[in-house]
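To keep things clear, I will list the structure first and then write my remarks on it.
Just so it is clear, none of the values below were taken in a lab; they were calculated from the coordinates. Only a predicted model underlies this, so the values are computations on that prediction, with no experimental measurement involved. Every residue, glycine among them, receives a Cβ derived from its backbone with ideal geometry; neighbour counts consider all protein chains shown.
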Amino acid sequence: MNRPIAISLSPNTERDDVMLALKTLFSPFKWNDDKEVELLEQEFAQVFGNGYKAVAVNSGRSAQYLILKALGLGKGSEVALQAFTCVAAPNSVFWSGATPRYIDIDESYNISPDDLRKKINNKTRAVIVQNTFGISANIPEIKNICISNKLVLIEDCAHCLGTTFKGKPLGTFGDVAFFSFGRDKTISSVFGGIVLCSDRNLYNKIKSLRNKLKRPPTLWTLQQLFHPIAFSLILPTYNSGIGKIILFALQKAGLLSRAVYKEEKMGDRPSIFPTKMPGGLAILARKQLTKLRKFVSHRKTISKLYSSSLKKTGLIFPPHSAEDSLLRFPIRHKKAGELFKKAKRNGILLGDWYKGTIMPAVDLSLVGYHGDCPNAELFSETTINLPTYPSLTRDDVLKVIKLVKKWLNTQ
């Protein structure tokens, strides 16, 4: 039985990750081993060079929240961020007491410098730049805007670990950055996040806040450790239907958690955020970190194949460079939703980041969005993501390309 082409079903997990998760699951004394977290922080910071320090927590949104709290951004402060994003981004702003100020995007799927200039005001205190899909935003221009207006520049690097801009890693251009180790990010520990900064005072504040956090419940840690193991059983039988049944049953039984909680979709905060990063998940993240170069190289190779094979099809690609490591390869078409359904009928699960602004919020008014970002709305209706994940083979990529071309010929 073959693993399906599935962009979001534990895409990073390899056999050695499964074995490590199994070993850690049966070593409960490791679940809250702070030494493993410290080692992850040291090893992660070393990726970016001297002077950088890292602080690990249980998710990317927890990392963003701690940054905002450490900066003192609360009631009366606005934080600028793009509207083409996950609900976790503005939620962390609300949790801090501040208010999100939604900015439109440009052709790169990233925050538009022109719209940013128009919308910042005397309440704006910080800008969060997303680097969507691993595509570099217009960092020089956005940084100049921040300097001119005395705004803190926060890099959201949830999608872009491994991407560089003019030879310099993303995450090192702003005042502070955060990364995600979520289940379908560049490297994965199912849940997890980390703050990166070089400012010693800010680092100490963030670390102090982190040290005061509670540990996540034991059941939550168990759920995450079980995730790679469960999907090693689900994926080989997914296309036959058996895997889907197993997945549904495990979620129903509470043995697997979802990537976005029900409360988050309503603009609320689940009690799990923010909490400390368990040592057990740090073990998984450390293993994945050793594969970073391999993963980045693989994604770049696949992106080149998509670009060369689909460049004359009429699909719209974002501007991107050879330095970008694309977490997903986005394409735009006016009937993107139909292509998504066509692929699904053929056993290929493509990505729908983001099929709406502030996804997957159930009511945009609950997250303070009132429809002033037309590009974000247009792109959400016309964008579909092609997979680039580590276990994707060349034959898989050619199968995706063939399906896309065949579908385009019927339009």
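Assorted remarks:
- When peptides 89-99, 40-50, 183-193 are sorted by average Cβ neighbour count within 10 Å, with the highest value leading, the order is 183-193, 89-99, 40-50.
- Volume per residue of the C-alpha convex hull in the chain, rounded to whole Å³: 130 Å³
- Extending 7 Å from the Cα toward the beta-carbon at both LEU233 and ALA322 defines two label points whose distance is 4.6 nm.
- Proximal charge balance of ASP352 [Cβ under 14 Å; K/R count +1, D/E count -1]: +4
- Residue ranges 158-164, 214-220, 284-290 sort as 158-164, 284-290, 214-220 when ordered by packing (mean number of other C-beta atoms within 10 Å per residue, highest first).
- The range 67-123: trypsin sites (Lys or Arg not before Pro) in DSSP coil with no more than 15 other Cβ atoms inside 10 Å: LYS75, LYS123
- Highest mean packing first, where packing is the average number of other Cβ atoms within 10 Å per residue, the peptides 350-362, 257-269 line up as 350-362, 257-269.
- Electrostatic dipole magnitude of the chain [Cβ: Lys, Arg +1; Asp, Glu -1; Cα centre; debye, to 20]: 660 debye
- Computed FRET value (nearest 0.05) for ASP268 with LYS168, which takes r as the C-beta separation and R₀ as 45 Å: 0.75
- Checking the Cα-Cα distances for LYS311/LYS355; LYS53/LYS276; LYS23/LYS355 against a 26 Å cut-off, the pairs over it are LYS23/LYS355.
- Computed P(r) (all Cα pairs; the range 303-411; 5 Å bins; percent): 2, 11, 21, 23, 19, 12, 7, 4, 1
- Surrounding net charge for THR124, when Lys and Arg each add one and Asp and Glu each subtract one, Cβ distance under 9 Å: +3
- Measuring spread by the Cα atoms of the range 165-299 yields a radius of gyration and Dmax of 17.3, 54 Å.
- Rg of the Cα atoms in the range 60-203, relative to 2.2 N^0.38 Å, amounts to 0.94.
- Along the axis of the charge dipole computed for the range 295-348 (Cβ charges of +1 for Lys and Arg, -1 for Asp and Glu, origin at the Cα centre), the listed residues ALA343, LEU310, LEU326 are led at the positive end by ALA343.
- When both the range 307-372 and the range 181-246 are represented by their alpha-carbon centers, they are found 24 Å apart.
- Net charge over other residues, Cβ less than 12 angstrom from the Cβ of GLY51 (K, R count +1; D, E count -1): +1
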